[in-house]
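See below for the structure under consideration.
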Amino acid sequence: MGQPVREYLLTLCVTVAVTYLLTGPVRKFAIAAGAMPEIRARDVHREPTPRLGGIAMFGGLCAGLLVADHLENLNGVFELSNEPRALLSGAALIWLVGVLDDKFEIDALIKLGAQMIAAGVMVMQGLTILWLPIPGFGTVSLTQWQGNLLTVALVVITINAVNFVDGLDGLAAGMVCIASAAFFLYSYRLWFGYGIEAAAPATLFAAILMGMCLGFLPHNMHPARIFMGDSGSMLIGLVLSAGAISITGQVDPDAMALWFDGERNATHAMLPVFIPLLLPLTIIAIPMADLILAIVRRTWNGQSPFAADRGHLHHRLLEIGHSHSRAVLIMYFWSGLIAFGAVAYSVHSASMWIVFVLVGLSAVGLVLLLLPRFTPRAPRWAERLVPPRYRHAQRAAEAAAEAALAGATAEEPAPRPAMVGVSGANGATALSAHPDHHPAGSPR
């Protein structure tokens with residue numbers, strides 16, 4: 001087992017290095033090509049920033065697959081399965097569409113169609129859901145059309161869910177990296193713990209996806225020098241969905257020797273079978289929640305579900321008082337808690353300590369989330385002993401400044417206040433329409 005671990009680490013390191021080294025030249029190319037649009041009314045970043053970071057990430061993907069194909073243990077993934085080639089075909093198509101969108105702002109419906117075509121390309125080459133393990137019913141076989149439609153839907157939803165959270169420096173890349181790390185641990189355990197060869201492609205995809213995100217993050221962390229754009233966000237969303245599709249429905253309960261010692265133990269042992277159905281949802285739980293809330297919010301307000309606005313989860317964190325870095329870290333925390341919590345529960349489901357730890361960490365996360373709402377104020381006699389933000393005089397000065405700003409706004413439009421450290425949309429929303437088709441005024 002040690003040797004495959006070293007090969008995975010080598011693949012990961014090569015992907016990280018190639019992505020990191022390519023990002024600098026790609027940034028210069030994006031500036032020269034003019035792929036750094038002017039600040040729009042809906043944006044929250046202060047300076048034009050180049051996009052096209054997805055070019056470097058696609059280079060890392062190709063390098064990772066090429067290295068894995070020449071390694072002794074990982075080469076079997078390419079010999080026994082067509083899924084790596086299916087992934088590369090779909091990724092190349094969605095990446096090309098993303099590059100064009102970063103430069104020319106493609107219409108939303110065209111991007112949606114391209115996402116469906118990319119998913120169809122993968123389906124045609126065998127990367128599809130064949131059956132689903134459903135609690136209470138066992139393994140349910142799907143017809144060809146059912147499997148194909150479910151696969152396309154999962155790819156499109158995951159791509160847009162990832163793209164919806166791509167609104168702050170390092171947010172999307174970091175959250176996907178955390179999710180792929182959790183998915184790697186789970187799929188690796190299935191492959192080498194239970195000897196299930198069908199989990200091998202998903203394990204490789206997760207390792208490469210981690211490398212793509214880790215190599216890009218140093219350039220994308222606040223303050224970002226380059227955005228991944230749709231060419232990057234749609235790409236990593238597709239790779240993430242490909243891993244989930246590859247492993248879902250491929251687990252054989254008989255191969256895991258699960259039925260033993262009564263129904264209760266069998267139920268706990270069957271969790272690794274059901275987790276493929278749940279883990280793809282947990283690793284994109286935060287982006288999925290943001291996607292659903294955005295659609296409901298826009299429809300309720302009489303807008304198109306594809307219209308951009310400033311109501312995303314990361315925007316709300318900034319509005320309640322979190323700094324850019326703290327908002328990103330909070331999103332990291334919740335993403336990791338949900339993804340790794342699901343993996344931990346699948347391993348030790350019989351232990352109540354897992355539940356207690358998850359509940360405790362959730363409480364900590366809620367406290368951190370609402371911390372700006374409960375900023376303490378020191379008594380007047382202790383104001384000299386605390387930082388200025390906790391002093392009554394400082395609070396009064398802030399209120400006066402807000403009143404003055406409100407007065408200026410009433411007389412004439414004041415310049416839009418810039419949120420410190422916010423880099424805004426790291427690429428247009430995957431399903432957002434062309435900026436000229438909507439009234440200005442709302443970031444993604």
Output for segment 139-216 (equivalent-ellipsoid semi-axes, sqrt of 5λ from the C-alpha gyration tensor, Å, descending) is 25, 20, 8
Would you tally the net charge around Asn73, using a Cβ to Cβ cut-off of less than 15 Å, leaving Asn73 out, and scoring K and R as +1, D and E as -1?
-> -4
Hey, could you get me the Stokes-Einstein D for segment 181-230, Kirkwood radius over alpha-carbon pairs, 37 °C and 0.692 mPa s, rounded to whole µm² s⁻¹?
-> 269 µm²/s
For segment 128-249, what relative contact order do you get, as a whole percent, if you take Cα pairs closer than 8 Å and at least 6 residues apart?
-> 36 percent
Along the three principal axes, how long is segment 62-124 when you take its alpha carbons, biggest first, rounded to the nearest angstrom?
-> 44, 23, 8
Counted charge near Val14, where neighbours are those whose Cβ lies closer than 14 Å (Asp, Glu -1; Lys, Arg +1) = -1
Once phi is turned into θ = phi - 60°, what whole-Hz ³J(HN,Hα) does the Karplus curve with 6.51, -1.76 and 1.60 give for every residue of segment 7-22, x standing for Gly and Pro?
-> 5, 5, 5, 5, 4, 4, 5, 5, 4, 4, 5, 5, 4, 5, 6, 6
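Just so you know, all these numbers are worked out from the coordinates, no wet-lab data involved. Keep in mind that this is a model prediction, so the values were computed, not measured. Please note: Cβ atoms are built from the backbone with ideal geometry, for glycine as well, and neighbour counts cover all protein chains shown.
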